[in-house]
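The values are calculated or read from the model by the stated rules, or taken from the named source; none is laboratory data. Everything numeric in this text was worked out from a predicted model, so none of it was measured. Methodologically, a virtual Cβ is constructed for each residue, glycine included, from the backbone with ideal geometry; neighbour enumeration extends over all protein chains shown.
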Ligand SMILES: [Zn+2]
């Protein structure tokens, strides 16, 4: 069997690497950003458009698809790939984050784009026990139960290429003692996920464990060693990574430092992180894949990604200052919105008129920007010029790919 992660280039000045991640439905060129198809759709656009932008993989969500339309229905329809008409690889989040967001509320994290949506918050957690979590569905108010085995069963029914372990997503505002107990439970749940995989796992699905441990160095390093040393095929870095970027980079750095030692050949996914500067730093820290709501969610709210570090790489097209602007979002962008010649004035007007095409066009632009950035970073690692490329992005250079 071919290697799961075929590492091709290593950056001499950092932990960055390029690789080909070989999955049942195709290859993912890494480092890669993975757009969210939370409910089985990248909101507003079709799978062939996602592929045309340069994406190899999308992320579906176990929690949402479990509640509606239900994994049995998706399986009956031929699995998630067939149901949503995406033929490439799919990674599924385990549902742990969404389940625990209901209990931990809006403090789930401060800087991650993985924050719960309004719909998530409408649900309610009823009990968290060793066996699993009982909660009220935001769809119909009915009582539901999710355990590690439930999450594995749902992900197998969906037929994703990569399944994630069911973890407790430890929030930021808890003490060290809680984080330690929660991380230990995540490790016990990992064993149950692995036992389920051994007994019922699909041959065409790989399984990633999730590192927790919050922002405590010994807990984060310890959790990363435990999950990396398990039988899981890959590792995702989850939970609270801190209240600010400097802390997040430090925490991710502890995790990838352990991964280099314990399991250098296993793929690494960073959950819920995807701002432009975070992607650059994440690549330097040795992350292979990222997912985040940021590019698509911002796009739906009229925020376009632009090479402007001073303004966190974004421009708000809903602002009145664009009412008469003839220029596109970016002059040198090949996306359907910019290459199509749509002006900022037109997009501003469409957002004001609540026209759906506005959401589509800015989503396409944002996803195009991030895809080209990742292509640039891969090319730079391969050419041995990552330090220069990263400095250029941080100084406000446009993607070149
Ligand atoms: Zn564009």
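Of note:
- Residue match in region 173-183 (condition: surrounded by fewer than 20 Cβ atoms within 10 Å (Cβ to Cβ), outside any helix (DSSP H, G or I), in contact (Cβ under 8 Å) with a residue 12 or more places away in the chain and touching a helix residue (DSSP H, G or I) at 6+ places or on another chain (Cβ under 7 Å)): yes
- Selection over region 127-136 of residues that are surrounded by fewer than 16 Cβ atoms within 10 Å (Cβ to Cβ) and in contact with a strand residue (DSSP E or B) (Cβ under 8 Å, 6 or more places away or on another chain) gives a count of 1.
- Matching option when the condition is surrounded by fewer than 24 Cβ atoms within 10 Å (Cβ to Cβ), more than 17 Å from the chain's Cα centre (by Cα) and free of Cβ contacts under 8 Å to residues at least 60 places away in the same chain, among 284, 258: 258
- Unmet requirement for residue 396, which otherwise passes all of (1) assigned to a helix (DSSP H, G or I); (2) in contact with a helix residue (DSSP H, G or I) (Cβ under 8 Å, 6 or more places away or on another chain); (3) away from the ligand (no atom under 15 Å from the Cβ): (1)
- Residue ranges of strands (runs of 3 or more DSSP E) in region 286-377 with at least 2 members within 16 Å of the ligand (Cβ to nearest atom): 303-305, 314-316
- In this entry, residue 145 is excluded by the filter for residues that are in contact with a helix residue (DSSP H, G or I) (Cβ under 9 Å, 6 or more places away or on another chain), closer than 14 Å to residue 96 by Cβ and either modelled with pLDDT of 95 or more or not in a loop (DSSP other than H, G, I, E, B) (or both).
- Selection of region 275-289 for residues being at negative phi and either modelled with pLDDT under 95 or in contact with a helix residue (DSSP H, G or I) (Cβ under 8 Å, 6 or more places away or on another chain) (or both) yields 275, 276, 277, 278, 279, 280, 281, 282, 283, 284, 285, 287.
- Filter result (surrounded by fewer than 19 Cβ atoms within 10 Å (Cβ to Cβ) and outside any helix (DSSP H, G or I)) within region 242-255: 243, 244
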